[in-house]
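Everything on this sheet refers to the single structure shown next.
No lab work stands behind these numbers, since they all come straight from the coordinates. In this text, all values refer to a predicted model and were calculated from it rather than measured experimentally. Note that we place each Cβ from the backbone using ideal geometry, even for glycine, and neighbour counts take in every protein chain shown.
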Amino acid sequence: MRVDVSNLSFGYDYRTVLKNISFSLESGDFLVVVGNNGSGKSTLVKCILGLNHVPDDKIFLDGREINRFRDWLSVGYVPQKLDDFNYEFPITVNEVMQASKFSKVTEEEKLGVLDRVGILELQNENINTLSGGQLQRVFIARALMNKPRLLILDEPTVAVDKKNVDRFYRFINALNEEGVTIILISHHLESSNANYSHVMYLQEGQAKMTSAFDIEAEGDA
């Protein structure tokens with residue numbers, strides 16, 4: 001999925017969070033957004049997801065203006081934490097899947113996604129018994145059920161052990177190789193094994209965009 005953002009500014013009350021952000025992603029690109037807390041990373045994500053209302057002609061998904069975009073099932077989102085589930089409630093992985101909105105996903109396809117993410121054997125487990133890495137994979141499986149063409153991940157490896165972090169990046173890189181456009185929010189670019197094509201550095205609401213090729217060239221200089 002192609003993503004175009006043009007001179008986007010956004011704020012809350014009297015505080016401006018994003019200042020004239022512009023960038024474009026082609027289908028199959030992999031963008032990592034890096035910045036400190038409060039730099040505007042999550043605000044940018046919420047604008048792209050249509051959760052924050054922005055003026056017309058600022059964001060386009062596959063050429064469709066965001067306020068008129070309707071194909072949200074083609075957009076997957078993995079937050080740091082699912083806000084629509086009570087973690088103290090005894091709900092299983094399978095029930096998390098069943099409570100989600102999917103478009104014509106067969107039982108076989110659902111099991112295939114769980115298997116690919118590596119949690120097929122956990123489908124009847126209570127989510128409260130899962131490790132951080134296992135729970136993160138539940139979120140990813142939930143986002144993948146509709147075979148999204150754009151996948152947005154907000155700090156996906158927080159509180160995940162190194163073994164599962166490495167496995168996560170192998171999986172996300174494979175999805176990207178299949179043509180899924182990925183936007184990954186991260187605090188530290190150096191700690192990721194993402195095969196990114198672009199990096200955006202956000203600082204005080206302002207963005208600097210560069211390509212992976214440019215970063216590699218600087219490292220070789």
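Table for the structure above
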| quantity | calculated |
| --- | --- |
| Cα-derived Rg over Rh, computed across the chain with Rh taken as Kirkwood radius | 0.96 |
| Difference of contour (0.36 nm per residue) and Cα-Cα distance, N173 to S9 | 56.0 nm |
| Share antiparallel - DSSP beta bridges, the chain, percent rounded to 5 | 50 |
| Within the chain, longest stretch free of exposed chymotrypsin sites (Phe, Trp or Tyr not before Pro) [DSSP loop, at most 12 other beta carbons within 10 Å] | 88-221 |
| Distance from segment 115-143 to segment 1-49 (C-alpha centre basis), Å | 29 |
| Extension reserve of the T16-E204 stretch, reckoned as 0.36 nm per residue once the Cα distance is removed | 66.8 nm |
| By average C-beta atoms within 10 angstrom, highest first, the peptides 40-48, 122-130 | 40-48, 122-130 |
| Rough spin-label spacing in nm, given labels placed 7 Å along Cα→Cβ, for N37 and Q98 | 3.8 |
| Under 24 Å between alpha carbons - lysine pairs in the chain that sit 8 or more apart or on different chains | 23 |
| Extension gain, L73 back to A212 (0.36 nm per residue minus Cα-Cα distance, nm) | 47.1 nm |
